[in-house]
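Peer 1: Sharing a structure below in structure tokens format, with a few things to ask.
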Amino acid sequence: MNGRVGDRLLVHGNIVGQPDRQGEILEVRGENGGPPYLVRFDDGHETLVYPGPDAVIETRERTSR
């Protein structure tokens, strides 16, 4: 998984009824675009994320259409 500053991180809910979480990658702290990522979620919460298999990165090009 590779991300860049400005990309969107989508984390799918893994419990029935749990909503997906979306946020913007603010910093890439791993090498070559790898995790961990500092993410600001849409609720304003910022945290360091090591995305699991339930996460998808949407690049700026894809989200700006």
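Peer 1: Please list, by residue number, every one of the trypsin sites (Lys or Arg not before Pro) in segment 1-48 that is coil in DSSP and has at most 15 other beta-carbon atoms within 10 Å.
Peer 2: Passing both the DSSP loop test and the Cβ count: ARG4, ARG29.
Peer 1: To continue, here is another question. If contacts are Cα pairs under 8 angstrom and at least 6 residues apart, what is the relative contact order of the chain in percent?
Peer 2: 36
Peer 1: At 4 °C and 1.567 mPa s, grab the translational diffusion coefficient of segment 8-59 from Stokes-Einstein with a Kirkwood Rh over Cα pairs, rounded to a whole number in µm² per second.
Peer 2: 115
No lab work stands behind these numbers, since they all come straight from the coordinates. What you are looking at is a predicted structure, and each value in this text was computed from that prediction instead of being measured. Here Cβ is always computed from backbone atoms with ideal geometry, including for glycine, and neighbour counts include all displayed protein chains.
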